[in-house]
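Q: Before anything else, here's the structure in question.
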Amino acid sequence: MPHAESDSIPDTNSLLLDEFGITAQEAIDMRSEALKAVSTREAIRSRKILEHESPDTSRRIAQALRAGWLHGFSKAGHHTIVGRFRDHPDDKRPLEWLLTEFLVDPLVHPNVAAWCLTLALQESSAAFQLDTCPSPKSEGVLSGYLLKEISSHCEKWARVAEKPLKRTQTAIVLRSIDLSILGGEQVTGGDIGLVLHFEGTQARQDLMNSRIIPLIFQAKRYVRPRANVSQRHPERGSQHGLLARNKCASAYLFFENGTKKIDLPLPPLIKPVDRVASAGRTVVFEDSLDLPSYFFKVLYDVSFATPASSPEDALRMIYSEADIGQLSRLAVISDSATASLHYDVALETLRRDIERERNQSIGGLEL
């Protein structure tokens, strides 16, 4: 029987659809689009600026991305990453290989939404670095631009992966939450509350469990190599101390942006507050990561960031040490098109709870 052998070979499309929710051609096309994105002149220039200024930071970023295989990559990703660094333990350019040969492949990620977010963060970080950071701006303006970049690139990669996202009933979207729900006057600074809300899929290769991770970022402008983190709130004291007391993962978000134009600024770098020894000046490069590698650790390293049990719990964690008007922005990045709607309701619930607690406190003082 001439076709007996071919009939015994599993259909590739059926296998990929069962395991990943992607067809073979979609996987090829998605990988091609991703490779083009990380290989543009701007993308390469962005990475080279950081690599030239701080090789240690580039190596740390590569290590953070590589370590994600333990908790989050698909089985295919596990085998690929282990084999690569077993056979090439002295690779001198691990970050380039990770970006151009590994992370561009949708089949190594836990699901399509995670692949989209990885590419969105890579592109938005480089675009923000090269287009927005050179000219002087305030921290509030910079924070706003960064969220807009991430949002627009999430939309771009959602279009690239439209069919598999629809097939797996997932999305990748950044939505800002209206803080006026809380009432009072909102600040105009650069402090951001952000929730990663990922529900995962039913695909067999999806090792990402449902998770909700609240984060707080305190934006700081600096000119290399050090940033000033000594600011104090007139009533609440050291901002460094306030940031360190938050119940959710908290970090400084460093923008290289000064009072004069900087021709070759660094990409935005994130440094966990527990890596900043004191409220003074800190070397930005020490223990910092870029946007993609930080979010990688948040999503895949279960020991790196404390998860929340629900949208209500996430907001409680974000506002555990924050005044009701302290954050200038609150956003949700999710693999569900409707997840952010839960946060509108949860924020209204939080407002009522805060008002009730405040009234009880006032009543207690009057007694």
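Q: Could you list, in sequence order, the residues of region 271-285 that are buried (at least 22 other Cβ atoms within 10 Å of the Cβ) and within 16 Å of the chain's Cα centre (by Cα)?
A: LYS271
Q: Considering (1) at pLDDT below 95; (2) touching a strand residue (DSSP E or B) at 6+ places or on another chain (Cβ under 7 Å); (3) among the acidic types (Asp, Glu), say which one GLU235 fails and leave the rest.
A: The failed condition is (2).
Q: Evaluate region 289-309: report whether one residue or more is free of Cβ contacts under 8 Å to residues at least 40 places away in the same chain and not polar (S, T, N, Q).
A: No, region 289-309 contains no residue that is free of Cβ contacts under 8 Å to residues at least 40 places away in the same chain and not polar (S, T, N, Q).
Q: Okay, next question. Which ones in region 16-28 are in contact with a helix residue (DSSP H, G or I) (Cβ under 9 Å, 6 or more places away or on another chain) and modelled with pLDDT of 80 or more? Walk me through how you get there before you give the answer.
A: Step one: of region 16-28, the residues in contact with a helix residue (DSSP H, G or I) (Cβ under 9 Å, 6 or more places away or on another chain) are 16-17, 19-27.
Result: LEU16, LEU17, PHE20, GLY21, ILE22, THR23, ALA24, GLN25, GLU26, ALA27.
Q: Kindly indicate whether ARG159 is at pLDDT 95 or above, more than 26 Å from PRO272 (Cα to Cα), surrounded by fewer than 19 Cβ atoms within 10 Å (Cβ to Cβ) and of a type outside the set (A, V, I, L, M, F, W, C).
A: Spelling it out, ARG159 is indeed at pLDDT 95 or above, more than 26 Å from PRO272 (Cα to Cα), surrounded by fewer than 19 Cβ atoms within 10 Å (Cβ to Cβ) and of a type outside the set (A, V, I, L, M, F, W, C).
For (1) in contact with a helix residue (DSSP H, G or I) (Cβ under 9 Å, 6 or more places away or on another chain); (2) under 19 Å from ALA120 (Cβ atoms); (3) at pLDDT 90 or above; (4) exposed (fewer than 13 other Cβ atoms within 10 Å of the Cβ), each residue gets a yes or a no:
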site: LYS36; (1), (2), (3), (4): no, yes, yes, yes
site: ILE44; (1), (2), (3), (4): yes, yes, yes, no
site: ARG47; (1), (2), (3), (4): yes, yes, yes, no
site: ALA67; (1), (2), (3), (4): yes, no, no, no
site: GLY72; (1), (2), (3), (4): yes, yes, no, no
site: LYS75; (1), (2), (3), (4): yes, no, no, no
site: ARG86; (1), (2), (3), (4): no, no, no, yes
site: LEU103; (1), (2), (3), (4): yes, yes, yes, no
site: PRO106; (1), (2), (3), (4): yes, yes, yes, no
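Q: Another question, then. Do we have SER135 as modelled with pLDDT of 95 or more, in contact with a Leu (Cβ under 7 Å, 6 or more places away or on another chain) and small (Gly, Ala, Ser) here?
A: no
Q: Scan region 257-281 for residues that are in contact with a strand residue (DSSP E or B) (Cβ under 6 Å, 6 or more places away or on another chain) and not in a loop (DSSP other than H, G, I, E, B) and jot them down.
A: Scanning region 257-281 gives LEU269, ILE270, LYS271, PRO272, VAL273, ARG281.
Q: Would you be able to tell me the number of residues in region 318-339 that are of a type in the set (Ser, Thr, Tyr) and either over 20 Å from VAL298 (Cβ atoms) or modelled with pLDDT under 90 (or both)?
A: Going through region 318-339 one residue at a time, the tally reaches 4.
Q: Right, something else. Show the residue pairs that are 6+ apart or on different chains and have beta-carbon atoms under 7 Å apart, the first residue being within region 52-65 and basic (Lys, Arg), the second being surrounded by 14 or more Cβ atoms within 10 Å (Cβ to Cβ).
A: Within 7 Å, the pairs are ARG60/LEU289.
Q: Hey, another quick one. For region 147-169, state whether one or more residues are in a loop (DSSP other than H, G, I, E, B), in contact with a Phe, Trp or Tyr (Cβ under 8 Å, 6 or more places away or on another chain) and more than 19 Å from ALA34 (Cα to Cα).
A: no
Q: Could you check region 248-289 and list, in sequence order, the residues that are under 23 Å from PRO136 (Cα atoms), out of contact with any Lys or Arg (no Cβ under 9 Å at 6 or more places or on another chain) and of a type in the set (Asp, Glu)?
A: ASP263
Q: List the pairs whose first member sits in region 150-174 and is touching a residue at least 12 places away in the same chain (Cβ under 8 Å) and under 28 Å from GLY193 (Cα atoms), whose second member is assigned to a loop (DSSP other than H, G, I, E, B) and charged (D, E, K, R), and whose Cβ atoms are under 9 Å apart, counting only residues at least 6 apart or on separate chains?
A: Taking only residues 6 or more apart or on different chains, the pairs are LEU165/ASP335; THR170/GLU199; THR170/ASP335; ALA171/ASP335; ILE172/ASP335; VAL173/ASP335.
The values are calculated or read from the model by the stated rules, or taken from the named source; none is laboratory data. Predicted, not measured: the structure shown is a model, and the values here were computed from it. Cβ atoms come from the backbone with ideal geometry, glycine included; neighbour counts cover every protein chain shown.
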